[in-house]
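All of the numbers you see were taken from the coordinates with simple rules; none came from a lab. These numbers were taken from a predicted model, which means no experiment stands behind them. Cβ coordinates were reconstructed from backbone atoms using ideal geometry, including for glycine residues, and neighbour counts include every protein chain displayed.
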Amino acid sequence: MLEINQLAVQYGDITAVRNVTLDVYPGEVVTLLGSNGAGKSTVLRAICRLVYPSGGDITFNGQSLLTYETRKLVGLGIALVPENRRIFPALTVTQNLEMGAYGRSRSYIREGIEETYELFPSLKRYARKLAVGLSGGEQQMLAIGRALMSRPRLLLLDEPSLGLAPMLVDQVFEKLGQVNLSGTTILLIEQNARMALMLANRAYVMESGIVTSHGTSEELLADEQIKNAYLGMQ
Ligand code: ATP
């Protein structure tokens with residue numbers, strides 16, 4: 001579904017990502033792990049055309065994404081849940097969801113909102129409240145719900161656990177499992193390696209801009225080096 005081939009990205013003189021090759025097959029959850037500054041977000045930014053690669057290619061169902069503008073990706077079936085959620089604080093919860101299906105028909109939006117409230121019953125209680133009043137966990141659910149409003153085939157998430165208490169992280173990951181079971185493929189960027197590996201089928205690990213290992217989640221969970229570097233403290 002998503003193929004990244006020998007991706008390289010520079011910020012001026014800094015090479016943030018080099019020679020990254022990564023595949024995501026339909027129906028999978030794939031996670032991209034690594035510590036701060038490893039280059040994970042840069043890979044996501046390149047997929048979303050928020051940075052332009054200095055080398056390599058990214059294709060989605062065989063079509064190169066490099067010719068696509070960011071705003072056109074949603075039409076291809078790709079949606080992003082950005083880092084720090086980026087919800088619209090001054091809009092209500094329902095209005096935030098509507099923004100995720102901007103330009104679509106009223107019935108499409110109405111159905112999407114109903115489905116979202118089925119998946120996130122806790123959000124329904126706050127439907128008419130301003131998003132600014134939601135807790136961090138609820139804001140994360142809202143950001144995921146908003147991305148799902150476009151009924152993506154591929155959902156990209158940048159650090160959904162960031163800043164959340166462990167119990168809320170569990171809840172967010174449980175919902176992501178449900179989203180995947182209902183047919184959405186997921187590429188997840190995470191620092192919380194343990195949670196990510198529990199959810200994902202496969203994982204890639206990045207260090208200093210390159211992929212240093214990859215395999216099934218079971219393989220990585222059993223790998224001594226991965227355990228020491230990423231699983232020890234969690
Ligand atoms: P984090 O979890 O902190 O987001 P990350 O693994 O996602 O880390 P990136 O944000 O992709 O890492 O950063 C990769 C490298 O590129 C880092 O060395 C970072 O300092 C550098 N970098 C990121 N954004 C920029 C930018 N806009 N200008 C210059 N350098 C950048």
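Of note:
- Projecting the Cα atoms of Gln171, Leu123, Thr21 onto the charge dipole of the chain (Cβ charges, centred on the Cα centre) puts Leu123 farthest toward the positive pole.
- Packing, taken as the mean count of other beta carbons within 10 Å per residue, orders the peptides 102-109, 172-179 from highest to lowest as 172-179, 102-109.
- Pairwise inverse Cα distances across segment 13-72, averaged and inverted, put the Kirkwood hydrodynamic radius at 12.7 Å.
- Where GluC sites (Glu not before Pro) fall in DSSP loop in segment 183-234, at most 10 other Cβ within 10 Å: none
- For segment 32-128: relative contact order, % (alpha-carbon pairs under 8 angstrom, 6 or more apart): 16 percent
- Backbone HN-Hα couplings from phi across segment 84-90 [Karplus 6.51/-1.76/1.60, Hz, Gly and Pro as x]: 6, 6, 6, 6, 8, x, 8
- For Lys124, the aspartates and glutamates whose Cα comes closer than 17 Å to its Cα, not counting residues fewer than 8 places off in the same chain, are Glu98, Glu111, Glu114, Glu115, Glu138.
- What the Cα convex hull of segment 1-149 gives, in volume per residue, is 135 Å³.
- Charge dipole (the chain, unit charges on Cβ, about Cα centre) - positive-most of Thr31, Leu162, Gln191: Leu162
- Residues of type lysines that Lys129 reaches as a straight line, Cα spacing below 29 Å, ignoring anything fewer than 8 places off in the same chain: Lys175
- Segment 170-234, relative contact order [Cα under 8 Å, separation at least 6], %: 25 percent
- Local charge for Asn192 was computed over the other residues whose Cβ lies under 13 Å away, with Lys and Arg +1 and Asp and Glu -1, and equals -2.
- The calculated FRET efficiency for the pair Arg128 and Glu83, based on their C-beta separation and a Förster distance of 22 Å, comes to about 0.20.
- Electrostatic tally near Thr21: other residues with Cβ closer than 13 Å to its Cβ, Lys and Arg +1, Asp and Glu -1, net -2.
- Sequence-distant lysines (8 or more away, or on other chains) whose Cα lies within less than 22 Å of Lys227: Lys40
- Ordering 18-27, 146-155 by mean Cβ neighbour count within 10 Å, with the highest value first, yields 146-155, 18-27.
- Both numbers refer to the Cα atoms of segment 153-234; Rg and Dmax are 12.7, 35 Å.
- Cut-off 9 Å between beta-carbons: net charge of the residues surrounding Gly39, Lys and Arg +1, Asp and Glu -1: +1
- Membrane-span-like helices in the chain, defined purely by DSSP H runs whose alpha carbon atoms cover 24 Å or more axially and whose average Kyte-Doolittle hydropathy reaches 1.0, do not occur.
- Pairs of Cα atoms nearer than 8 Å and 6+ residues apart set the relative contact order; for the chain it is 28 percent.
- Whole-angstrom Cα spans of segment 1-43 along principal axes, big to small: 37, 21, 11
- Placing +1 on the Cβ of every Lys and Arg and -1 on the Cβ of every Asp and Glu, with nothing else charged, gives the chain a dipole about its Cα centre of roughly 1000 debye.
- Ranked by the mean number of other Cβ atoms within 10 Å per residue, highest first, peptides 74-82, 3-11, 125-133 order as 74-82, 3-11, 125-133.
- For segment 80-234: rounded, prolate or oblate by the Cα gyration tensor [a/c cutoff 1.5]: prolate
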